[in-house]
1. Using only Cα atoms, locate the centre of region 165-237 and the centre of region 348-368, then give the distance between them in Å, rounded to an integer.
2. Can you give me the relative contact order of region 150-232 as a percent, contacts being Cα pairs under 8 Å and 6 or more apart?
3. What's the extension gain from residue 202 to residue 326 if we count 0.36 nm per residue and subtract their Cα-Cα distance?
4. Could you check which residue among 324, 68, 176 shows the biggest mean-square fluctuation in a GNM of the chain with a 10 Å Cα cutoff?
5. Once you wrap a convex hull around the alpha carbon atoms of the chain, what is its projected area averaged over all directions, in nm²?
6. For region 295-368, list log₁₀ I(q)/I(0) at each q in 0.15, 0.18, 0.19, 0.21 Å⁻¹, using the Debye formula over Cα point scatterers of equal strength and ignoring solvent, two decimals each.
7. Tell me the mean residue ellipticity at 222 nm calculated for the chain from its helices only (DSSP H runs of n ≥ 4, each -39500 (n - 2.57), averaged over every residue, nearest 500).
8. Return the Rg/Rh value of region 1-101, two decimal places, where both radii are evaluated on C-alpha atoms and Rh is the Kirkwood radius.
Amino acid sequence: MTNLRNPFTPTFGVVPPYLAGRHGALQSMKRAFENGVGDPSLSTILIGARGSGKTALLSSIGDEALQKGWIVVNTVASQGMLEDILERTIEAAGNTLELNPKSHVTGINLGELFGIEWTRDSSQNSNWRTRMNAILEKLAETDTGLLITVDELNPQIDEMIQLTSIYQLFIREGKKVGLVMAGLPKNTTDLMDNERVSFLRRSRQQYLGPIGNADIEVAFRKTLAITGKSIQDDVMQKAVEAIGGYPYMMQLVGFYAWEEAGDSKEISLGHLERGIKLAGAELRHSVLESTYRDLSKVDRLFLMSMLSEDAPATITTVAKRMGKGANYASTYKTRLMRLGVIGERSGGSFDFDLPYFREYLEEIEQDS
């Protein structure tokens, strides 16, 4: 087996060497960090199903911000996230000073930042907004921006609501701060439905759907080339078909095909076919089964009622197969769309958006 490191990264949150199909999103964020206060992309929500590349894109956006001299704080939606953001902001400013004395935050005295921390610890009356304001005012002295990224958006976490509410005030006060969040469609919709943070409906909402085949092929070939491996055109096309525009599947197929190739300089058809089989098993375990477990009994009935359709389904045909009225079925259609399992097509029809989920359900139907 080759000693070179496998360049594909089917691991949660790890940014791949080549991020397929997200150039436009990264470019808009790059301009936002250059423009600063007032750019609408500084308030962005990345929305997509499991495995659509939300976390990797979130990390890449953070990298773009760092390159533009911003401080970046990454967190997940959980209890204690506000305190984590505060601590990480102080830490990030300190690390920037230590590692890059010529960066934008050179003018901030590290002792002063930690002085804010100690003052905060000793004060019983200082709330989170007040403490953050003290830090943001120091950052403003050198025109340094702060980007907060939140992964696994969860509207059930009260601190998630607090953060977005206070962020709106930061924006109104002209502070150089950005908030980019990532979440499943249902969680995102539920958050925006909360009247306390209704302003989020005006944020940039980036839907991460399937990636075009051309972008998949370019990224796949470039990733292989890192370790000197190549792939014939006909084999590449089979890889593209198996990937189906799904970022996570691209990393899985690439990872296992590369492993199967070993010391060979070329990914053969045999390497690829074995890689696809291993990738499919991993996808089933890590995405398809967990998605299925999260579905209600009626959700599953709705999806099973879609299986006999070769083309995108309609609410009339699905409702008839369910033995229910169209209004009843439409409720579950909306719910499943918010979960990122299905998506609308032309003429009001809809189909599976989660790759390989149709095939997974067909197996379950055959076994039942």
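Nothing in this text is a laboratory measurement; each read-out follows from the coordinates by a stated rule. Please read these numbers as outputs of a predicted model, since none were measured by experiment. Cβ atoms come from the backbone with ideal geometry, glycine included; neighbour counts cover every protein chain shown.
1. Region 165-237 and region 348-368 have Cα centres spaced 25 Å from each other.
2. 29
3. The residue 202-residue 326 span can extend by a further 41.5 nm.
4. Result: 324 has the largest fluctuation of those listed.
5. Its average projected convex-hull area is 21.7 nm².
6. Results for region 295-368 at q = 0.15, 0.18, 0.19, 0.21 Å⁻¹ read -0.43, -0.63, -0.71, -0.89.
7. Counting only the DSSP helices, I get -16500 deg cm²/dmol.
8. 1.00
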